[in-house]
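See below for the structure under consideration.
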Amino acid sequence: MKRNKWVKAEAWIPEFRFDRFYDAETFNIKLQSTFVKNEDRDIMLKVVGNIKEENVASVGDDGTSQSVVAKTGVASVGNVKVPNPVLLAPYRTFVEVEQPESEFVFRMQSGPTCALFEADGGAWKIKAMQRIKEYLEEELREKIDSKKLYIIG
């Protein structure tokens, strides 16, 4: 008797805890190692990498946006607006699939410490599942067409 075989695959993804503050050095490393390179990630790296620790107490905050004292040139120091919201693509699914971008609220506290808070209501999961399905359909087209494989999703 033939049996149906179900396959379940889980992506191995790097760890990044949203809603948790990291020190600036750790946050910088996490941005570079657990997120796809894009414009907002690069802007955040510049802000976090140039924070003047002795002046971090002078953070401006209106509830939505923040500004911090950071190096703005080779020798100059000035207020830098912290981008918000930021559009980022963390590694949250299989690396073979394009990582879905979503919005995050970027916050800083004295220390300096930095955190990202998810701001898309989980919509990235729907995008990721659709991209995984499209990837599998493309890669396994021959088996699907011959009715040897079915993709449920």
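If I stretch the segment between Q109 and N38 completely, what's the gain in nm (0.36 nm per residue apart, minus their alpha carbon distance), one decimal? Could the numbers behind the result be given before it?
Values: separation 71, 0.36 × 71 = 25.56 nm, distance 2.40 nm.
Gain in length upon complete extension: 23.2 nm.
Give me the net charge for the shell around G122: Cβ to Cβ below 15 angstrom, other residues only, Lys and Arg +1, Asp and Glu -1. Display every interim value, and only then the final one.
Details: positive: R92, K125, K127; negative: D19, E101, E103, E118, D120.
Local net charge: -2.
Can you list the trypsin sites (Lys or Arg not before Pro) in the stretch 96-128 that are in a DSSP coil and have 12 or fewer other beta carbons within 10 angstrom? Each step should come with its number before you reach the end.
Details: sites: R107, K125, K127; in loops: none.
Qualifying residues, ordered by number: none.
If I ignore ligands, DNA and RNA and count only protein heavy atoms, how much of V105 is accessible to a 1.4 Å probe, in Å² to the nearest 10?
Around 50 Å² of this residue is reachable by solvent.
What is the sum of charges, Lys and Arg at +1 and Asp and Glu at -1, for the other residues whose Cβ falls under 14 Å from the Cβ of V36?
Details: positive: K30, K37, R41, R92, K127, R131; negative: E39, D40, D42, E96, E98, E101.
Around V36, the surrounding residues sum to 0.
Pull out the extension gain between K133 and V7, defined as 0.36 nm times the separation in residues minus the alpha carbon to alpha carbon distance; nm, one decimal. Please list the in-between numbers first.
Numbers: separation 126, 0.36 × 126 = 45.36 nm, distance 1.37 nm.
Answer, rounded to one decimal: 44.0 nm.
The values are calculated or read from the model by the stated rules, or taken from the named source; none is laboratory data. Because the structure is a prediction, the values reported are computed rather than measured. All Cβ positions, glycine included, derive from the backbone under ideal geometry; neighbour counts span all protein chains shown. Only protein heavy atoms, including side chains, enter the accessible area calculation; ligands, DNA and RNA are left aside. Shrake-Rupley method; radii C 1.70, N 1.55, O 1.52, S 1.80 Å.
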